[in-house]
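Structure first, then comments.
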Amino acid sequence: MTTLAAAVAARLPGRLVGSAAVALYPRFEPELRRLADFCPPGGVALDIGGWYGPWSRRLAARCERVVTVEPVPHLAEHLRRTLPSNVRVVQG
């Protein structure tokens, strides 16, 4: 079953949806603000369920490499197009 939000997001430009998610997500995931406390710079990180990439983007800024696993095909493709080059997106 598709939610209304997912149906609307699928019809909007991926960059717009991704930017909105990245901007708003810290309000719902306060851990994003504390990333430095548990993720040393220069390491390797794994993001399971990348969604629109709020964690992957922040991890990419701190880590040498990030592997993001996203099972939803259109989200995986969006991540491949918009995430930094040190992020590898795996659809699965």
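Go ahead and collect, in residue order, the members of the range 77-92 whose backbone nitrogen is under 20 Å from a label point 7 Å along the Cα-Cβ direction of residue 61.
Residues 79-89 fall inside that zone.
Report the gain in length on full extension from residue 32 to residue 80: 0.36 nm times residue separation, minus Cα-Cα distance, nm rounded to one decimal.
15.2 nm
Tell me which residues come under 5 Å, amide H to amide H, from residue 63 once H is placed; ignore anything under 5 positions away on its chain.
Distant-sequence amide H within range of residue 63: 42.
In what sequence, highest mean first, do 50-57, 64-71, 81-88 appear when ranked by Cβ atoms within 10 angstrom?
50-57, 64-71, 81-88
Where a number appears in this text, it was derived from the coordinates with a stated rule and is not lab data. The structure presented is a predicted model; accordingly, all values stated were derived computationally and were not measured. Here the Cβ is made from the backbone with ideal geometry for all residues, glycine too, and neighbour counts use every protein chain on show.
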